[in-house]
Amino acid sequence: DAGVTQSPTHLIKTRGQQVTLRCSPKSGHDTVSWYQQALGQGPQFIFQYYEEEERQRGNFPDRFSGHQFPNYSSELNVNALLLGDSALYLCASSLDGITYEQYFGPGTRLTVT
Amino acid sequence: GESVGLHLPTLSVQEGDNSIINCAYSNSASDYFIWYKQESGKGPQFIIDIRSNMDKRQGQRVTVLLNKTVKHLSLQIAATQPGDSAVYFCAETQGNTPLVFGKGTRLSVIA
């Protein structure tokens, strides 16, 4: 049973650049949520995709955008990177839009210099 | 591996002792409360959850207690092992609302 996978594992970008992170949900899951985890903090909700639409969004600027594909995989895009965007980006998957049974991937560590 | 949290509250316990990790939540409307374990360089791993209509739930070596009166949640780990060393987060949700995570606690097990 394939768990949640994310790519890449690590990424280093320069301020002002753009980045795309990828997530494949757990087998059988159709909902993907993205979280940002700064060092020493708990994960912060960015947005959720279900049925290829953004269903819920946290308090993040429009520089953060996403997409969900027909196979339920998802991308997170961040434009005009700031130093403060450096964090661990986590993807979590679930079924039918629920959030109490989410399975997390290993994360992508983004460093902005 | 990388550090998940450098300035988190820390709980140090002797191997074999019981651990109790506490969490305060904020939303009275939350219906599900979940404990996650996060090891260095990894994503959060589900441990146990409890619904708001319960006050206690037991799993394998873990027990979660919920006190809705004071909005308090605790995780008890019996016979703590070195493999239990990690950062532990509680999270709350109404079921289809985003997970809201509490401040984590770093558990260090002394062999």
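Is there a residue in region B:9-16 that is out of contact with any helix residue (DSSP H, G or I) (no Cβ under 6 Å at 6 or more places or on another chain) and closer than 25 Å to residue A:3 by Cα?
No; the residues of region B:9-16 include none that is out of contact with any helix residue (DSSP H, G or I) (no Cβ under 6 Å at 6 or more places or on another chain) and closer than 25 Å to residue A:3 by Cα.
Out of region B:96-111, which residues are without any contact (Cβ under 8 Å) to a residue 40 or more places away in the chain and away from every other protein chain (no Cβ under 14 Å)?
Those that are without any contact (Cβ under 8 Å) to a residue 40 or more places away in the chain and away from every other protein chain (no Cβ under 14 Å): none in region B:96-111.
Residue A:34 fails exactly one of the following numbered conditions: (1) within 21 Å of residue B:37 (Cα to Cα); (2) assigned to a loop (DSSP other than H, G, I, E, B); (3) more than 10 Å from chain B (Cβ to nearest Cβ). What is the number of that condition?
In the conditions (1) within 21 Å of residue B:37 (Cα to Cα); (2) assigned to a loop (DSSP other than H, G, I, E, B); (3) more than 10 Å from chain B (Cβ to nearest Cβ), residue A:34 misses (2) alone.
Would you confirm whether or not region B:78-87 contains a residue that is within 12 Å of chain A (Cβ to nearest Cβ) and either within 30 Å of residue A:10 (Cα to Cα) or assigned to a loop (DSSP other than H, G, I, E, B) (or both)?
Yes; the residues of region B:78-87 include at least one that is within 12 Å of chain A (Cβ to nearest Cβ) and either within 30 Å of residue A:10 (Cα to Cα) or assigned to a loop (DSSP other than H, G, I, E, B) (or both).
Of the conditions (1) more than 9 Å from chain A (Cβ to nearest Cβ); (2) surrounded by 12 or more Cβ atoms within 10 Å (Cβ to Cβ), residue B:14 satisfies every one except a single condition; which number is it?
For residue B:14, the exception is condition (2).
Of all residues being more than 12 Å from chain A (Cβ to nearest Cβ) and open to solvent by 60 Å² or more (accessible area, probe 1.4 Å) in region B:30-64, which is farthest from the chain's Cα centre (by Cα)? Just the residue, please.
Here the answer is B:53.
So the check is Cβ under 7 Å with 6+ separation or different chains; which pairs have a first residue in region B:60-77 that's over 19 Å from residue B:30 (Cα atoms) and a second one that's assigned to a loop (DSSP other than H, G, I, E, B) and modelled with pLDDT of 95 or more?
Pairs that qualify, where the first residue is over 19 Å from residue B:30 (Cα atoms) and the partner is assigned to a loop (DSSP other than H, G, I, E, B) and modelled with pLDDT of 95 or more, are B:61/B:78; B:61/B:79; B:76/B:18; B:77/B:18; B:77/B:61.
Has region A:38-45 got at least one residue that is within 12 Å of chain B (Cβ to nearest Cβ), touching a Lys or Arg at 6+ places or on another chain (Cβ under 6 Å) and open to solvent by less than 40 Å² (accessible area, probe 1.4 Å)?
Within region A:38-45, not a single residue is within 12 Å of chain B (Cβ to nearest Cβ), touching a Lys or Arg at 6+ places or on another chain (Cβ under 6 Å) and open to solvent by less than 40 Å² (accessible area, probe 1.4 Å).
When you scan region A:69-79, do you find a residue that is within 14 Å of another protein chain (Cβ to nearest Cβ), open to solvent by less than 40 Å² (accessible area, probe 1.4 Å) and among the hydrophobic types (A, V, I, L, M, F, W, C), even just one?
No: region A:69-79 contains no residue that is within 14 Å of another protein chain (Cβ to nearest Cβ), open to solvent by less than 40 Å² (accessible area, probe 1.4 Å) and among the hydrophobic types (A, V, I, L, M, F, W, C).
Kindly establish whether residue A:30 is under 22 Å from residue A:8 (Cβ atoms) and touching a residue at least 24 places away in the same chain (Cβ under 8 Å). Show your work before the answer.
Numbers: under 22 Å from residue A:8 (Cβ atoms): no; touching a residue at least 24 places away in the same chain (Cβ under 8 Å): yes.
No; evaluated as a whole, the condition is false for this residue.
Within 14 Å of another protein chain (Cβ to nearest Cβ) and open to solvent by less than 10 Å² (accessible area, probe 1.4 Å), is that true of residue B:93?
On the way: within 14 Å of another protein chain (Cβ to nearest Cβ): yes; open to solvent by less than 10 Å² (accessible area, probe 1.4 Å): yes.
Judged against the criteria, residue B:93 is a match.
How many residues does region A:53-84 contain that are assigned to a strand (DSSP E or B) and within 22 Å of residue A:29 (Cβ to Cβ)?
14
From the list A:14, A:9, A:20, A:5, pick out the single residue that is under 17 Å from residue A:67 (Cα atoms) and touching a Ser or Thr at 6+ places or on another chain (Cβ under 9 Å).
Numbers: A:14 fails: under 17 Å from residue A:67 (Cα atoms); A:9 fails: under 17 Å from residue A:67 (Cα atoms); A:20 fails: touching a Ser or Thr at 6+ places or on another chain (Cβ under 9 Å).
Checking each option against the conditions leaves just A:5.
Can you find a residue in region A:10-18 that is under 26 Å from residue B:104 (Cα atoms) and surrounded by 15 or more Cβ atoms within 10 Å (Cβ to Cβ)?
Scanning region A:10-18 turns up at least one residue that is under 26 Å from residue B:104 (Cα atoms) and surrounded by 15 or more Cβ atoms within 10 Å (Cβ to Cβ).
Output the residues belonging to region A:80-112 that are under 15 Å from the mean Cα position of the chain (by Cα), surrounded by fewer than 19 Cβ atoms within 10 Å (Cβ to Cβ) and away from every other protein chain (no Cβ under 11 Å).
Within region A:80-112, just A:86 meets the criteria.
The values are calculated or read from the model by the stated rules, or taken from the named source; none is laboratory data. The shown structure was predicted, so the numbers you read here are calculated from the model rather than taken from an experiment. Positions of Cβ are backbone-derived with ideal geometry, glycine not excepted, and every protein chain shown enters the neighbour counts. We work out accessible area using only protein heavy atoms, side chains counted, and drop any ligands, DNA or RNA first. Shrake-Rupley method; radii C 1.70, N 1.55, O 1.52, S 1.80 Å.
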